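Read through the structure below, which is laid out as structure tokens, and then see the notes.
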Amino acid sequence: MSEAPAVTTTKEECWVPNILAFACNWCSYAGADLAGVSRLQYPPTVKILRVMCSSRVEPSFILKALKDGADGVLIAGCHIGDCHYIDGNKNAEIRINNTKKALEKLGLDKRLRLEWISASEGLRFSEVIKEFTDEIKKLGQNPVKEVKVNE
Amino acid sequence: MRRVSKTSPRSSIYNANVYGLDTKDIWTCLTCGLCPIGCPQQVDFLSFIREERAGKEPLEVAHLGVFTEFAELSSKLDGVKPEKSDSKYGYFPGCVDQLGLFLHDVKTDFGEITTSSLKLLDKLGIKPQIMNMKCCGHDVLWQGKKDVFDRLKKLNLKYIKESGIDTLITSCAECYRTFSKDYDMGIKVVHTSELLDKLGLKINADVTYHDSCRLGRHMGLYDAPRKALTANGVTVKEMEHSKENALCCGVSNFMNCNEQTKALRIARMNEAEATGAKTLITTCSKCLAHFNCLKNEKDAVKKYDMDVVDLTVYLARKLDENVKKEGPALDSSKMENI
């Protein structure tokens, strides 16, 4: 048994972003699936959560994710006009943009992103993840502080 | 304990203190403060509810707790430094921005409260510095999240100390209550309604005034908002229940939004309608949100032909109208002379 030599890197260097993605069942989740089937490479920084529609994502979900230490939150839905529920993504757009404005006050607005990805855009999905990961890497870690539970 | 109703304050105290039960009642309470008014023994029921709630999980928080999450998120972030200013007055807008953004379907411009207040303060010759603080923590405190409240309080107190103000002005009844009673800052806290009686407007209109629980029963400020209206020529038509007996708007600190609270809102709006006035004035941004929510409901049970506006917004609108009318007003005085 030979143990791997301990790599002496600083905390900053070994840090990888932790992104939460809400993907709509009908388009973006299928798009992510296509990216997988087509063996398109994208960084393993994203955790995908399937929701039935992008408008299912409440502002409180986003705030909770950021509060609990997610470095970025991505909401992906169908293109405008393609929504399975007719106008769900229009509602989502209003909601997410409002949440973004609220987050501006806290300086976290760049950590939230809304993208339209259809089921045939596997390539686009991988590109969005790459781009968002780079952006979050530039921004650095989520500034929320750890709070002791029994404070 | 059979003789008391389900929502009796007595049963919740009895169950919690005598039986040690974790009762639902402590979460259904609206903390409007109507029970202590009627209590012959002067039991401090509000403090009981607050202490009992501390550290426990709420049964239900309206709007999926988006305001609570926002407060918690901001409590974990560093605050900003105050901008350099010589003004001894500080104006805190409260969370009107978030209210407007997260309650966009209520169709109310909450930001107008801030602009109106500043306009009126400017008219009175007060140029305050805008306090870019965190949430005052009122909601989280009453939802039992004492730790979050303490973090917010620490950040806010630091900000206030650095800004060097000696009077904090706020136009929100809840902020006023929290800064006055739960902060111990040693500086003066003023609600905008206490300053507005010197505006010198001449408004000829009938309105009715809703006493918000935080400003009224919690802080005992009944006459200041009325004076702010009557001193400017407005006739205040009192509702059936007013001042210390005023009915609650139904939802305090974003805890309950259900059939019962809706019934309370309808009861209050009916009372307001019965006065015959076409405008309902409030001093709390949450009362404003809840009445307007009822008014703008899609399948409303009853249509209310009534404006629900904040005191500062109402006065600022009238001030603007006066400025526009100044020309014709002079003409009419000339007519009288002739």
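Readers should treat all values here as calculations from the given coordinates under stated rules, not as data from a laboratory. No experiment lies behind these values; they were computed from the predicted model shown. Every residue, glycine among them, receives a Cβ derived from its backbone with ideal geometry; neighbour counts consider all protein chains shown.
Based on a Kirkwood Rh over C-alpha pairs, give the Stokes-Einstein translational diffusion coefficient of the range A:17-139 at 37 °C and viscosity 0.692 mPa s in µm²/s. Mind dumping the intermediate values first?
Numbers: Rh = 14.2 Å.
My calculation gives 232 µm²/s for D.
Compute the helix-to-body angle for B:285-295: its Cα long axis versus the longest principal axis of chain B, expressed 0 to 90° and rounded to tens.
Helix B:285-295 sits roughly 90 degrees off the main axis of chain B.
What length, rounded to one decimal in nm, is gained on full extension from B:GLU240 through to B:ILE187, with 0.36 nm per residue of separation minus their alpha-carbon distance?
15.4 nm
Would you list B:THR312, B:THR283, B:THR261 from fewest to most Cβ contacts within 10 Å? Display every interim value, and only then the final one.
Details: B:THR312 25, B:THR283 28, B:THR261 20.
Ordered from fewest to most neighbouring Cβ atoms within 10 Å, B:THR312, B:THR283, B:THR261 come out as B:THR261, B:THR312, B:THR283.
Compute the long axis of helix B:146-163 from its Cα atoms, compare it with the longest principal axis of the Cα atoms of chain B, and write down the angle in degrees, 0 to 90, nearest 10.
So the inclination is approximately 40 degrees.
Report the equivalent ellipsoid semi-axes for the range B:124-201 in whole Å, largest first, defined as the square roots of five times the eigenvalues of the gyration tensor built from alpha carbon atoms.
Whole-Å semi-axes of the equivalent ellipsoid: 25, 15, 9.
So what are the three principal axis dimensions of the range B:62-194 from its Cα atoms, in whole Å, longest to shortest?
Projected onto its principal axes, the Cα set of the range B:62-194 covers 42, 34, 24 Å.
Please compute the modelled spin-label separation between A:ARG50 and B:VAL18, points set 7 Å along Cα→Cβ, answer in nm with one decimal.
If labels sit at B:VAL18 and A:ARG50, their model points lie 5.4 nm apart.
Please give the FRET efficiency for A:LYS90 paired with B:VAL80, using the beta carbon to beta carbon distance and R0 = 56 Å, rounded to the nearest 0.05.
0.95
Mind giving me the FRET efficiency for B:ILE130 and B:LYS202? R0 is 22 Å, r the Cβ-Cβ distance, nearest 0.05 is fine.
Numbers: r = 30 Å, r/R0 = 1.36.
Given R0 = 22 Å and the Cβ-Cβ separation, E is 0.15.
Determine the equivalent ellipsoid of the protein assembly as shown by diagonalising the alpha-carbon gyration tensor, then write out the semi-axes as square roots of 5 times the eigenvalues, largest first, rounded to whole Å.
On the way: eigenvalues 386, 161, 123 Å².
With the √(5λ) rule applied to the protein assembly as shown, the semi-axes are 44, 28, 25 Å.
Say a paramagnetic label sat at a point 7 Å from the Cα of B:ASP223, along Cα to Cβ; which residues of the range B:182-199 have their backbone N under 18 Å from it?
Zone members listed by number: B:191-199.
Quick check: the distance between the Cα centres of the range B:181-222 and the range B:89-136, to the nearest angstrom?
Distance between centres, Cα-based: 15 Å.
Treat the count of other C-beta atoms within 10 Å as a stand-in for reagent exposure and order B:THR68, B:THR114, B:THR230 from fewest to most.
B:THR230, B:THR114, B:THR68
Please identify every one of the trypsin sites (Lys or Arg not before Pro) in the range B:40-103 that sits in a loop by DSSP and has no more than 12 other beta carbons within 10 Å of its own beta carbon. Walk me through the numbers before you get to the answer.
Working: sites: B:ARG50, B:ARG53, B:LYS56, B:LYS76, B:LYS84, B:LYS88; in loops: B:LYS56, B:LYS76, B:LYS84, B:LYS88.
Hits after loop and neighbour filter: B:LYS84.
For chain B, what class follows from the C-alpha gyration tensor (a ≥ b ≥ c being the square roots of its eigenvalues): rounded when a/c is under 1.5, otherwise prolate if a/b is larger than b/c, else oblate?
In terms of gyration-tensor shape, oblate.
A:ASP134 label point, 7 Å along Cα→Cβ, cut-off 14 Å on backbone N: hits in the range A:17-49?
The answer is A:42-43.
Hand me the GluC sites (Glu not before Pro) from the range B:235-272 located in a DSSP loop with no more than 11 other Cβ atoms within 10 Å, in residue order please.
Counting only loop positions with at most 11 other Cβ atoms within 10 Å, none of the GluC sites (Glu not before Pro) in the range B:235-272 qualifies.
Which whole-percent values make up P(r) of the range B:9-53 when all C-alpha to C-alpha distances are grouped in 5 Å steps starting at zero?
Percent of pairs per bin, in order: 5, 24, 36, 24, 10, 1.
Provide B:TRP27, A:TRP116 in ascending order of the number of other Cβ atoms located within 10 Å of each residue's Cβ, fewest first.
Fewest-to-most ranking of B:TRP27, A:TRP116: B:TRP27, A:TRP116.
Rounded to the nearest 0.05, what FRET efficiency do B:GLU194 and A:CYS14 give with R0 = 51 Å and r taken as the Cβ-Cβ distance? Could you check?
After rounding, the FRET efficiency stands at 0.35.
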